[in-house]
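First the structure, which I've put down as structure tokens, then a few questions once you've had a look.
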2 protein chains.
Amino acid sequence: MDSVQPIIADRLRDVPRSFIREILKVTLDPEVISFAGGLPNRKFFPVEALREASDRVYRERGEAVLQYGNSEGLLDLREYIAERYAEKQGLTIDPATILITNGSQQGLDLISKTLLNEGDGLLIEEPGYLGAIQAFSIYRPRFLPVPVGDGGMDVEALEETLSSADPRLIYTVPNFQNPSGISYPKANRKAVAELVASSGAYLIEDNPYGELRFKGESAASFARYLPEQTILLGSFSKVVAPGFRLGWIAAPQALYEKLLIAKQASDLHTTHFTQAVILEYLRHNNLDDHLATICKAYGDQCRAMRQSIASHFPSTISCTDPDGGMFLWARLPEGMAALDLFEEAAKRKVVFVPGDPFYISRERVNSLRLNFSCVDEETIERGIAVLGEVMHRF
Amino acid sequence: MDSVQPIIADRLRDVPRSFIREILKVTLDPEVISFAGGLPNRKFFPVEALREASDRVYRERGEAVLQYGNSEGLLDLREYIAERYAEKQGLTIDPATILITNGSQQGLDLISKTLLNEGDGLLIEEPGYLGAIQAFSIYRPRFLPVPVGDGGMDVEALEETLSSADPRLIYTVPNFQNPSGISYPKANRKAVAELVASSGAYLIEDNPYGELRFKGESAASFARYLPEQTILLGSFSKVVAPGFRLGWIAAPQALYEKLLIAKQASDLHTTHFTQAVILEYLRHNNLDDHLATICKAYGDQCRAMRQSIASHFPSTISCTDPDGGMFLWARLPEGMAALDLFEEAAKRKVVFVPGDPFYISRERVNSLRLNFSCVDEETIERGIAVLGEVMHRF
């Protein structure tokens with residue numbers, strides 16, 4: 001065989017390249033002010049506490065956690081997760097229905113593997129998380145975008161899509177959504193749940209940011225309304241550290257065994273060592289105190305960003321007012337493309353993510369994502385001022 | 001929606017349950033002597049050295065390795081792997097073509113995701129590794145089994161299958177194969193490579209046990225004969241510890257970018273923390289000395305098992321003579337089923353893995369797998385004596 005281009009499976013043909021990874025290349029220049037990231041702020045990683053937790057894990061159960069383990073994940077950790085669901089969200093989740101995954105990205109892969117045949121309908125909020133779009137694309141569903149905005153999911157569009165396209169799966173990030181920062185209001189959740197209840201679809205509630213609330217009141221999980229249809233995805237990435245790649249699926253009982261087979265076939269199991277370390281960390285440290293510190297900083301930075309936007313952006317530009325999470329979403333006047341703005345801003349060494357990769361089919365959109373978790377207040381003011389100048393000239 | 005059985009994607013329909021997991025349930029009884037395992041011996045896990053390595057990683061690069069990382073894996077670790085390929089196997093591998101995975105099981109998933117359309121031909125050695133059969137099954141290939149034995153892969157059957165079925169992928173474990181313990185002799189590798197060269201297929205050389213040689217001489221990797229067609233799979237599971245779930249793919253350049261997209265979509269990346277720890281361990285410890293200790297023990301245990309077999313098994317039962325690895329393969333006389341033997345032996349509290357799950361289509365086979373890595377010599381003698389008694393009565 002010559003060294004020609006290989007024949008690649010059809011499923012890889014439509015997977016979008018990671019747009020953000022391309023953009024991040026620009027930001028390697030240390031002089032660039034980046035609002036493009038999607039990372040938690042590393043200054044809050046509890047390095048020393050994790051080091052101590054690791055130390056205890058090696059000493060107390062070293063050989064056991066270095067051996068192959070079960071595919072479900074450490075039972076103790078799944079019990080901790082179930083208890084936290086009960087305490088924080090009033091949800092009754094059986095630890096036996098929790099599957100530990102390599103971050104929630106793997107949760108998306110396993111759910112798709114288990115439920116999606118090629119061409120099956122997949123209803124997704126739009127704009128929507130691009131990592132999810134990438135994970136789903138592998139399984140070649142029919143994407144059915146439904147708009148989300150400050151009021152949550154567009155209920156009329158949802159109803160229309162449910163009845164016309166009969167989707168198998170529905171993907172949502174109802175708390176501090178990526179990319180827009182919005183949350184589904186309570187009334188909207190109820191309305192969405194009522195419509196979904198009468199369909200045959202599973203609803204994925206992806207909730208990586210739910211514990212990063214810095215203002216406002218929480219609304220109930222979809223699992224309260226749709227216990228048999230909601231698949232919960234959770235992650236330690238934004239609350240402790242992403243580098244451990246630890247997330248989980250909490251799935252209706254009927255799905256669990258199939259997800260487990262998919263997990264076994266995919267990589268046998270997620271490392272028990274890091275699971276044991278995070279559990280040890282959670283047992284010896286107060287997660288709520290830790291989260292309070294993170295939320296204070298992210299809240300201050302979000303407020304600073306909104307204030308800078310108010311002073312520097314043209315008044316024709318609107319932006320969302322998140323109650324938590326890591327992102328703001330700004331909308332340029334109709335007809336303008338965020339991609340063009342990106343090019344100009346990058347020349348001035350300020351970057352963000354143009355809205356395009358968060359849409360299934362639209363291009364040259366007029367919206368953009370601004371990250372505030374990794375930038376201090378002084379840098380926010382400088383960066384937003386530059387963006388404002390570029391916009392005024394635009 | 002009622003709590004009925006969910007509609008599952010077609011791809012999960014044919015995935016075999018993990019047979020070994022079922023069997024392992026029997027072995028939870030501490031009185032059972034188990035030759036059924038597929039685990040490395042935990043007494044050789046370098047717990048203290050890994051603890052020290054972790055400590056240094058937290059202190060020297062804690063925040064960085066706890067953040068999200070690139071999908072390829074740590075460059076330093078990929079360089080180490082490339083250097084070891086050069087040193088131990090005389091292979092020139094560009095670190096830029098190495099992708100760190102969650103064990104080689106994930107390597108199999110990513111390769112399948114990237115290359116297999118439903119119904120594509122997949123040529124697999126038979127008996128073959130059941131974890132691989134499970135990983136491939138998700139992608140619904142046409143399995144094309146070709147026999148392996150003491151002489152390596154059956155070249156006539158290979159030639160016939162290549163020409164009649166035009167497979168996309170070929171799966172092999174040429175060193176100390178799982179389940180049989182055999183290795184492909186040099187002449188056989190050459191003959192296999194010549195046939196494969198004129199096909200359009202990629203050949204997977206899965207090599208988890210290659211460094212566990214306790215006698216005999218090594219033969220060249222397929223990558224020497226087929227550099228553009230060989231996909232190498234490696235793993236730290238059997239040489240350091242499986243609990244870290246660290247393996248890799250070394251792929252021809254033309255495939256690499258596609259595998260990387262599949263990796264991103266599947267779980268973003270393998271944890272950089274454990275990658276950094278294992279690299280730190282490898283830099284501060286002599287892996288060859290460590291391997292010599294393991295090989296000495298496994299070699300002694302293999303020899304003890306063969307001696308016990310010679311004393312206790314009926315002379316009609318043949319078994320392989322591995323030069324390394326963790327498994328022996330025994331063949332009962334034609335017409336006998338290892339499954340029946342298993343049931344009788346389990347009553348006497350000795351277990352092994354009947355050959356069935358290592359075959360694609362055959363059932364009630366007359367072969368069985370015996371693991372020697374996890375059992376000391378005294379226990380081997382006791383367990384094999386019991387098996388011999390059961391066989392004589394059988």
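The values are calculated or read from the model by the stated rules, or taken from the named source; none is laboratory data. These numbers were taken from a predicted model, which means no experiment stands behind them. All Cβ positions, even for glycine, are placed from backbone atoms using ideal geometry, and neighbour counts span all protein chains on display. Only protein heavy atoms, including side chains, enter the accessible area calculation; ligands, DNA and RNA are left aside. Shrake-Rupley method; radii C 1.70, N 1.55, O 1.52, S 1.80 Å.
Please get the size of the charge dipole for the stretch B:218-318, origin at its Cα centre, with Cβ charges of +1 on Lys and Arg and -1 on Asp and Glu, quoted in debye to the nearest 20.
220
Now for a separate question. Show me, for the stretch B:157-165, the HN-Hα J-couplings you get by feeding each phi into the Karplus relation (A = 6.51, B = -1.76, C = 1.60, θ = phi - 60°), rounded to Hz, glycine and proline as x.
5, 4, 4, 4, 5, 4, 7, 8, 10
Using only Cα atoms, locate the centre of the stretch B:245-294 and the centre of the stretch B:344-383, then give the distance between them in Å, rounded to an integer.
Between the Cα centres of the stretch B:245-294 and the stretch B:344-383 lies a distance of 31 Å.
Something else about it: Among A:82, A:151, A:167, flag the residue with its Cα farthest along the positive direction of the charge dipole of the stretch A:55-167, charges on Cβ as +1 for Lys/Arg and -1 for Asp/Glu.
The residue sitting farthest along the positive end of the dipole is A:82.
Can I ask one more? Give, rounded to the nearest 20 debye, the magnitude of the charge dipole that chain B has about its Cα centre when Lys and Arg contribute +1 at Cβ and Asp and Glu contribute -1 at Cβ.
440
Continuing with the same structure: Karplus couplings for the stretch A:372-378 from phi (6.51 cos²θ - 1.76 cosθ + 1.60, θ = phi - 60°), rounded to Hz, Gly and Pro as x?
10, 6, 10, 10, 6, 4, 5
How far, in whole Å, is the closest Cβ of chain A from the axis that maps A onto B, and which residue does it belong to?
A:54, 3
Taking the convex hull of the alpha carbon atoms in the protein assembly as shown, what volume per residue do you get, in Å³?
Numbers: hull volume 124.0 nm³, N = 788.
Convex hull volume per residue, Cα atoms: 157 Å³.
Enumerate the amide H contacts of residue B:125 below 5 Å, restricted to partners 5 or more residues apart or on another chain; note that Pro and chain-start residues carry no placed amide H.
B:146, B:171
May I pose another question? Using a simple charge model, +1 on the beta-carbon of Lys and Arg, -1 on the beta-carbon of Asp and Glu, nothing else, what dipole does the protein assembly as shown show about its Cα centre, in debye to the nearest 20?
The calculated dipole for the protein assembly as shown is roughly 560 debye.
Give, ordered by residue number, each residue of the stretch B:111-134 whose 1.4 Å probe accessible area is reduced by a minimum of 30 Å² on adding the remaining protein chains to the chain alone.
Buried-area filter returns B:113, B:114, B:117, B:134.
Accessible area per residue, 1.4 Å probe, Å², for the stretch A:45-147: what's the number?
Per-residue value: 30 Å².
Right, another one. Taking every residue in A:227-235, how many Cβ atoms of other protein chains lie within 10 Å of its Cβ, on average?
Taking all residues of A:227-235 together, the mean is 1.
Could you compute how much accessible area chains A and B hide from each other, both sides summed, with a 1.4 Å probe? Nearest 100 Å² is fine.
7300
Give the residue from A:201, B:302, B:106 lying farthest towards the positive end of the charge dipole for the protein assembly as shown; charges sit on Cβ (+1 for Lys and Arg, -1 for Asp and Glu) and the dipole is referred to the Cα centre.
Of the candidates, B:302 comes out farthest on the positive side.
How big is the shadow of the Cα convex hull of chain B, averaged over all directions, in nm²?
Working: hull surface 84.8 nm².
Spelled out: convex hull of the Cα atoms, projected over all directions, averaged, 21.2 nm².
Oh, and also: I want to make sure I understand the PRE zone here: with the label point 7 angstrom from the Cα of residue A:360 toward its beta carbon, which residues in the stretch A:114-134 have backbone N atoms less than 13 Å away?
Within reach of a label on residue A:360, which here means backbone N under 13 Å from a point 7 Å along Cα→Cβ, the stretch A:114-134 contributes A:119-129, A:133-134.
Residue by residue through the stretch B:133-149, which ³J(HN,Hα) values in whole Hz follow from phi under the Karplus form 6.51 cos²θ - 1.76 cosθ + 1.60 (θ = phi - 60°), with glycine and proline marked x?
Per-residue couplings from phi come out as 4, 5, 4, 5, 3, 3, 9, 6, x, 8, 6, 10, x, 10, x, 10, x Hz.
Pairs A:238/A:349; B:186/B:238; B:238/B:349; B:113/B:347: which are spaced more than 31 Å apart, C-alpha to C-alpha?
B:113/B:347
Separate question: Per the 1.4 Å probe, what fraction of the accessible area of chain B, in percent, lies on carbon and sulfur atoms?
Accessible surface attributable to carbon and sulfur in chain B totals 48 percent.
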